[in-house]
Amino acid sequence: MGNEASYPAEICSHFDEDEIKRLGKRFKKLDLDSSGAVSVKEFTSMPELRENPLVQRVIDVFDTDGDGQVDFREFILGTSQFSVRGDEQQKLRFAFSIYDLDRDGYISNGELFQVLKMMVGDSLKDWQLQQLVDKTIILLDKDGDGKISFQEFSAVVRSLEVHKHLVTVV
Amino acid sequence: VVLIEPDFGLHILFIFYSIMLHDFTPLLTAVARPLFLKSASCIIQRDESPMEKGLSGLRGRDFELSDVFYFSKKGLEAIVEDEVTQRFSSEELVSWNLLTRTNVNFQYISPRLTIVWVLGVIVRYCVLLPLRLTLAFIGISLFVIGTTLVGQLPRSSLKNLLSEVVHLTCCRICVRALSGTIHYHNRQYRPQKGGICVANHTSPIDVLILTTDGCYAMVGQVHGGLMGIIQRAMVKACPHVWFERSEMKDRHLVIKRLKEHIADKKELPILIFPEGTCINNTSVMMFKKGSFEIGATIHPVAIKYNPQFGDAFWNSSKYNMVSYLLRVMTSWAIVCDVWYMPPMTREEGEDAVQFANRVKSAIAVQGGLTELPCGVGFEGNGSLKAEGNLQTCSYLSPAVIILKKTSKLDRK
């Protein structure tokens, strides 16, 4: 209505109209070159995000069509996973996909290593990191296929009150 | 210094208004507060722990799969709302002061509150605004006339004295035109001649507030219209430092001219706002190092407005000067505190950037503001660009060293 773009109703998310409007304004601010999508560069232009080791991963998880940028639909769907009204299953899925680089439904040894490397940086040597990864997989891998599936992941993580940790109030 | 008071009738009006301000307004807000139930809080509830704490916590213990949660959440909070762009819109108040402009989430609560608000609107627009406009008109006319007259005199100590009198009188009238109540703290540290005065910047009114208590040499941009008239008038009576637009790119030249100005100990202190743009008075942004390289004594000043009575922040991308002034004149009042701080000089082994940061921290601590590690920079054509995530402003504040030289003004 008026001079604001109306947003397609088929983006079903956990947000009400008010929150979508606010996120819309925010999206426009983030989209510095007004291309309709926010690129990695535009995200990392924010000072708070420069230090965050998982920026690239979160963007990749948001970017469902793989074009390297987050358009408005992906933005709303992505942030919706953090909504107060989101269910625990969705949040666990999100956390799982941070680790699952190739989106095949399993966290392999190499994928866990890469994500850990992002978070830990140079504080641990590579061989120390590899030991840690191996230990974690042995601990969690119940069916012995050398990878962590979503069920194995949720079994461990569910008890940690995911619904409280992965929540952002909009 | 002899001060010429405004005439008696205006004095009575001013006293009347002061009574209203000090007694009536707080009473009104105290009445309104219980009526207003939903507070205008920030858009999001944040996890306040800084990133460094999260990172160091990670190293101190064994890794868990849930460690990604912390970073994802912090990152998403930053995406949804970050600290920097918050500073470029007006501060939201926790309890409403009956000005809808400061309450972005205004909702209809009850008929009683609406009536109170309507009364407030009537008082502000029909009673206060005409009084203020009259005072402002008188103040500005006196200023222009006074400086023109003083400008005719040859350079002498008499001229300086008279120009000070004119400046101070007219500034005080103008401050009353905005219903300004200013508390000065630590007046023994007022900036001395030959120094540079450095302050945080919220609006062009900062200049007015500081010049009410002393005269400064301005370094600034010339606006068109009303501001232009005032600025040209100012220059006639007092030597200010002006530069050509092309000279600005040659930073060494700029610094050289400033040094020359300061070297003459009888010249007025220079007033500079090193942030480079208007911030909404909740924090202090990075200072540009230019003014700190000159080697003069820096006199820091912290200015903090009380947001309860009126919002002094000039959002230059949203409002132009005239609509901004109108908004200020229809607020309840401008109440602010000015803290003068002990002079600082650059220490051994400290470079300009570190010195600038030291001064910035001192000002932030004194004024009760937070500090942000980012700021604004310049494009080649003189417009602002973001360092960080700031929006590009189309207007530049008077604080920035930009220039307009005419051969008449530049008389050394």
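Quick look at the numbers
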quantity	calculated
Count - residues of region A:87-125 that are in a loop (DSSP other than H, G, I, E, B) and either surrounded by fewer than 15 Cβ atoms within 10 Å (Cβ to Cβ) or assigned by the TED database to the domain that holds A:Phe43 (or both)	9
Condition met for B:Thr282 (surrounded by fewer than 22 Cβ atoms within 10 Å (Cβ to Cβ) and either touching a Lys or Arg at 6+ places or on another chain (Cβ under 9 Å) or under 26 Å from B:Arg187 (Cβ atoms) (or both))	yes
Top-ranked residue of region A:32-51 - restricted to ones that are within 27 Å of A:Phe113 (Cβ to Cβ) and open to solvent by less than 10 Å² (accessible area, probe 1.4 Å), ranked as nearest to the other protein chains (Cβ to nearest Cβ)	A:Leu49
In region A:98-111, the residues that are over 13 Å from A:Ser149 (Cβ atoms) and within 12 Å of another protein chain (Cβ to nearest Cβ)	A:Ile98
Condition met for A:Pro8 (open to solvent by 60 Å² or more (accessible area, probe 1.4 Å) and either at pLDDT below 90 or within 25 Å of A:Ala155 (Cα to Cα) (or both))	yes
Out of A:Thr168, A:Thr79, A:Thr136, sole residue that is at the interface with chain B (Cβ under 8 Å from one of its Cβ atoms), in a helix (DSSP H, G or I) and within 30 Å of A:Gly24 (Cβ to Cβ)	A:Thr79
When residues of region A:139-161 are limited to those that are assigned to a helix (DSSP H, G or I) and in contact (Cβ under 8 Å) with a residue 24 or more places away in the chain, the one farthest from the other protein chains (Cβ to nearest Cβ)	A:Phe150
Test result for B:Thr147, open to solvent by less than 40 Å² (accessible area, probe 1.4 Å), hydroxyl-bearing (Ser, Thr, Tyr) and more than 21 Å from the chain's Cα centre (by Cα)	yes
Failed item, numbered, when A:Phe153 is tested on (1) more than 15 Å from the chain's Cα centre (by Cα); (2) open to solvent by 60 Å² or more (accessible area, probe 1.4 Å); (3) closer than 30 Å to A:Leu23 by Cβ; (4) not assigned by the TED database to the domain that holds A:Arg26	(2)
Count - residues of region A:125-160 that are touching a Phe, Trp or Tyr at 6+ places or on another chain (Cβ under 9 Å) and among the hydrophobic types (A, V, I, L, M, F, W, C)	9
The one condition in (1) open to solvent by less than 30 Å² (accessible area, probe 1.4 Å); (2) more than 24 Å from the chain's Cα centre (by Cα); (3) free of Cβ contacts under 8 Å to residues at least 60 places away in the same chain that B:Lys159 fails to fulfil	(3)
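The values are calculated or read from the model by the stated rules, or taken from the named source; none is laboratory data. The structure presented is a predicted model; accordingly, all values stated were derived computationally and were not measured. Note that each Cβ is placed from the backbone with ideal geometry, even for glycine, and that neighbours are counted across all protein chains shown. Areas reflect the complete protein model, heavy atoms only, side chains present, ligands, DNA and RNA absent. Shrake-Rupley method; radii C 1.70, N 1.55, O 1.52, S 1.80 Å.
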